[in-house]
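Take a look at the structure set out below.
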Amino acid sequence: MTEDLTTNPNPQIVSVPIPQRAQAGPGARFIAVWRGNGLALVGVAFLALVVLGAVFAPILTSYSPTKVNVRERLKPPSLTYPMGTDELGRDIRTRILYGGRSILISSSLATLLALLIGTGLGVFAAYRGGWLGELLMRLMDIVLSFPAILLAILVVAALGPGLINLVLAITVAMVPVFARLARAIVLSIVEQDYVIAAKTLGLPDLVIIRSHVLPNMLPLVLVQATGMLAVAFATSSALNFLGLGVVPPTPDWGLMVAESQRLVFDAPHVPFFPGLVITLTVMAVNVLGDGLRDRLDPMGNTR
Amino acid sequence: MKYLLTRLVWLPVVLWAVVTLTFVVLRLAPGNPLDAIAARAIASDQIERVRAEWGLDQPLWQQYLVFLGGLLRGDFGVALSSGVPVIRLLGDRLPPTIELALAAMIISTVVGVGAGVISAVARNRWIDYSVRLLAITGLSVPWFWLAIVLIIIFSVRLGWTPVGGRIEAGMDYQVRTGFMLIDTLLTGNWVALGSFLRHLALPALAIGLTSAGFVARVTRSAMLDVLRADYIRTARAKGLRDQVVVVRHALRNALLPVLTLQGLQFGALLGGAVITEVVFAWPGVGRLLLESIQRRDYPVVQGAVIFVALCYVLVNLAVDVLYHVVDPRLRRA
């Protein structure tokens, strides 16, 4: 800072906003950010389709996701049933549209919860440190010494199946990841001159956290959250596949694969389509995460 | 060295913590294992007897101490459903899971490193793009669905592999270590070995290919970093052949981050094994765990979770040690 003042004869110029940036609308900026990253855009588009499909399922299809229709059972894909029907004669496309709901809700809710709790714990541990912060981080280490899916299985085994327990199980497995990242970021930020300056000026901790720590942390946490969203999708579908998530006849992608697993000989299309949609959705999130990482975290802190 | 010693000192603490967390989480369960027994309509005087037998009438902290004391003597309790000691159940089920996870790890390393090297060397050419697309597909596919797709292709359509199990039903073989590869090799039972390998192929592929996606990505970026280094330019300038430069000079150094990843991935492989075992009726710890959850057989659930978590902790410790062996810079530090 002092160097700037001495070498720059007219220091006010530094604070003049750059006009082009200010004039570009949010749309133009969005395009600028994503230019040259077509794959990430495809990912965003696919995710939008999945979300819209899940929200507007009742409008998009006239079939019921749960009503049994034995006369139409195990029909191969056709014009009437684009993805065929399952063992109980239910339209698979309809069940996939509705089935997006449970996985979207459980995964995004779990990621959001893990982000809030984990980041909060991490910031606390780094900023207030002390024995409590140390204890918290050791606890996070212990949680991380379980394979994520195993921990989720353990939690669901204890709490029983159901959407809320599913969310809790995935959240618990993901909290430490956010806590570690947040702690590492905060520790590096509080050493910066501007934070030390703010502290010297006597600004309260909460003000410093809000105006200096959080804004600098946000991009990295966002990148991490996208990565974790993919993990949440995978974990949610796996738990549902194992029968530890939502309860039938609620349509769910993982559950649909599980229920039709033994049809591989007679009607392989029944387990095929729901699994394909899981794969494409997780891929879309991963591709989006890669794009975000290239833009927001070129140094690879969240890798 | 100091770092490794610290890790070794901490190991018992980590193990204790893993065991305790498992105990605590399972005790959070609404109701207790007795509900499960009661649900099978046992007479009430029997419930009291069972309560005493399992120590469920004691306060929680006392149960915990008894449980810890048992673990130290290698006593994991007795299965509620069969009365068989949990440690015996686990002993039978652990070798198949380890076989599966190791086979998957070999596949993921070979396929992943190979693809990553090709991708890095052919940077920004179509083969690089295809490998990258395949890698991201691989790491996005759920294990259970890849398993089913493999079954549809290789078992149903081509008829090359069985749909499940570890060996053909009724096939005779001698059990010595519980590891079928070793047992069949020791006894020279080639027929059983062939059958085992054909049963192993699909589940190992289902887990390994998913993890190969991660390995390929890490290998590629590590290779790209290394290929930029001065000593690579020197090696090229010396007139060494391309293959020699890539394999002997670049790949060796690029493998370090891959090693770390594989340590972490082993947890995912174990998790993948749990799920894939269910699809293929593979008689491992994962299937035991799932069956026990359905039966609400808590001692077995507890034992299986602890066993798998311990494997994970130990493998990561081993990777850390290996890391110090492979990278001389860390040894000096």
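Coordinate-derived values only; no laboratory data. As the structure is a computational prediction, the values presented were derived from the model and not from experiment. Heads up, the Cβs are rebuilt from the backbone with ideal geometry, glycines too, and the neighbour counts pull from every protein chain shown.
Structural remarks
- Counting only Cβ charges, +1 for Lys and Arg and -1 for Asp and Glu, the dipole size of chain B around its Cα centre is about 1640 debye.
- Under 5 Å, built H, 5+ apart or other chain: amide partners of B:VAL78: B:VAL86
- Between helix B:285-295 and chain B: long-axis angle, C-alpha atoms, 0 to 90°, nearest 10: 40 degrees
- For a label point 7 Å along the Cα-to-beta-carbon line of A:ASP266, residues of region A:56-90 with backbone N under 18 Å: A:68-77, A:84-90
- Placing pseudo-labels 7 Å out from each Cα toward the beta carbon at A:LEU88 and B:GLN174 gives an inter-label distance of 5.2 nm.
- Angle between chain B longest axis and helix B:60-72 axis [Cα atoms, degrees, rounded to 10]: 60 degrees
- Computed log₁₀ I(q)/I(0) - Debye formula, equal Cα scatterers, no solvent, chain A, q 0.16 Å⁻¹: -1.28
- A crude spin-label estimate for the pair B:LEU72 and B:VAL24, with each label 7 Å from Cα along the Cβ direction, gives 2.1 nm.
- The residue among A:LEU222, A:PRO76, A:GLY202 whose Cα reaches farthest toward the positive pole of the charge dipole of chain A, with charges on the beta-carbon of Lys, Arg, Asp and Glu, is A:PRO76.
- √(5λ) per eigenvalue of the Cα gyration tensor, region A:244-298, largest first, Å: 32, 14, 6
- Using only side-chain charges placed at the Cβ, +1 for Lys and Arg and -1 for Asp and Glu, the dipole size of region B:203-328 relative to its Cα centre rounds to 540 debye.
- Shape call, the protein assembly as shown: gyration tensor on alpha carbons, a/c limit 1.5: rounded
- Simple spin-label estimate for B:ARG123 and B:THR260 gives 2.0 nm between the two label positions (7 Å along the Cα-to-Cβ direction from each Cα).
- Selection from B:ALA235, B:VAL84, A:LEU239 lying farthest towards where the dipole of the protein assembly as shown points positive, charges on Cβ: B:ALA235
- Taking 13 Å as the straight-line reach from the Cα of B:LYS2, the aspartates and glutamates in range (excluding those fewer than 8 positions away in the same chain) are B:ASP320.
- Modelled label reach - B:THR234, point 7 Å along Cα→Cβ, region B:242-263 residues with backbone N closer than 20 Å: B:242-256
- The angle between the Cα long axis of helix A:214-241 and the longest principal axis of the Cα atoms of chain A comes to about 20 degrees, rounded to the nearest 10.
- 26 Å Cα-Cα reach of A:LYS67 towards lysines, excluding residues that sit fewer than 8 places from it in its own chain: A:LYS75
- A:ARG128-B:VAL191 FRET efficiency (beta carbon distance; Förster radius 60 Å; 0.05 resolution): 0.35
- Lys/Arg +1, Asp/Glu -1 at C-beta; chain B dipole; positive extreme among B:VAL301, B:ALA103, B:ALA122: B:ALA122
- Size descriptors for region B:92-284: radius of gyration and Dmax over Cα atoms are 19.1, 62 Å.
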